[in-house]
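*Asks:* The structure's right below; bear with me while I get my questions together.
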Amino acid sequence: MQGKAVKDDAKNILKQVVTAMQDKKAHHIISLDLRKINDSISQFFVICHAPSTTQVVAIYDNVLKIVQKNCGIKPFHCEGYENSEWILIDYFDIIIHIFREDIRNFYKLEELWADAALKNYQSE
């Protein structure tokens with residue numbers, strides 16, 4: 001029972017999500033720490049983008065696969081797969097946004113949560 005708590009802990013899920021994104025060459029991966037923001041809907045947002053819908057789908061598929069494999073959980077909700085311009089994956093404590101680059105530039109989601117602590121992840 002103790003091991004499961006560590007596997008599906010928000011920080012571990014965050015680590016797995018970022019790794020999955022990096023594996024598929026996601027661009028400009030960031031996390032927003034929302035834990036100190038009153039009435040936030042989640043602990044973390046993770047945002048990245050890709051230049052094509054094909055790559056957006058590849059990132060999405062890899063996030064689901066890696067989080068399932070390493071954390072033993074499936075998302076509560078997903079949406080946007082049909083158009084693959086902005087896919088949202090909801091793991092309750094972590095909400096993931098995978099954008100096509102032009103859509104990310106249009107919505108500028110990071111700016112809506114400017115009070116959150118932002119962390120950049122370098123692709124490896």
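The values are calculated or read from the model by the stated rules, or taken from the named source; none is laboratory data. Not measured: the values here are computed from a predicted model. Glycine also receives a Cβ, built like all others from the backbone with ideal geometry; neighbour counts cover every protein chain displayed.
*Asks:* For region 83-90, check the following and say yes or no: at least one residue is free of Cβ contacts under 8 Å to residues at least 40 places away in the same chain, loosely packed, with under 11 Cβ neighbours inside 10 Å and acidic (D, E).
*Replies:* Taking every residue of region 83-90 in turn, none turns out to be free of Cβ contacts under 8 Å to residues at least 40 places away in the same chain, loosely packed, with under 11 Cβ neighbours inside 10 Å and acidic (D, E).
*Asks:* Output the number of the condition that W113 fails; it satisfies all remaining conditions of (1) without any contact (Cβ under 8 Å) to a residue 60 or more places away in the chain; (2) out of contact with any Cys (no Cβ under 8 Å at 6 or more places or on another chain); (3) within 18 Å of H28 (Cβ to Cβ).
*Replies:* Of (1) without any contact (Cβ under 8 Å) to a residue 60 or more places away in the chain; (2) out of contact with any Cys (no Cβ under 8 Å at 6 or more places or on another chain); (3) within 18 Å of H28 (Cβ to Cβ), only one is false for W113: (1).
*Asks:* Filter region 76-96 for residues that are over 19 Å from D33 (Cβ atoms) and either part of a strand (DSSP E or B) or touching a strand residue (DSSP E or B) at 6+ places or on another chain (Cβ under 8 Å) (or both) and give the result.
*Replies:* Initially, region 76-96 is screened for residues over 19 Å from D33 (Cβ atoms), giving 76-87.
Within region 76-96, F76, H77, C78, E79, G80, Y81, S84, E85, W86, I87 meet the criteria.
*Asks:* Counting just the residues of region 60-75 that are over 14 Å from the mean Cα position of the chain (by Cα) and part of a loop (DSSP other than H, G, I, E, B), which one comes out surrounded by the most Cβ atoms within 10 Å (Cβ to Cβ)?
*Replies:* Selected residue: I73.
*Asks:* Moving on to the next point. I need a count of the residues in region 67-79 that are closer than 26 Å to D102 by Cα and either touching a residue at least 12 places away in the same chain (Cβ under 8 Å) or touching a Gly at 6+ places or on another chain (Cβ under 8 Å) (or both).
*Replies:* Of the residues in that region, 3 qualify.
*Asks:* Among residues belonging to region 106-124 that are charged (D, E, K, R) and assigned to a loop (DSSP other than H, G, I, E, B), point out the one that is modelled with the highest pLDDT. Break it down into steps so the answer makes sense when it comes.
*Replies:* From region 106-124, those charged (D, E, K, R) are 108, 110-111, 115, 119, 124; that's our starting set.
Filter once more, so that each one left must be assigned to a loop (DSSP other than H, G, I, E, B): 108, 115, 124.
On the way: K108: 93, D115: 89, E124: 44.
Checking each candidate, the answer is K108.
*Asks:* Turning to a different aspect of this structure: Which condition from (1) out of contact with any Leu (no Cβ under 7 Å at 6 or more places or on another chain); (2) surrounded by fewer than 16 Cβ atoms within 10 Å (Cβ to Cβ) is the one that E79 breaks?
*Replies:* In the conditions (1) out of contact with any Leu (no Cβ under 7 Å at 6 or more places or on another chain); (2) surrounded by fewer than 16 Cβ atoms within 10 Å (Cβ to Cβ), E79 misses (1) alone.
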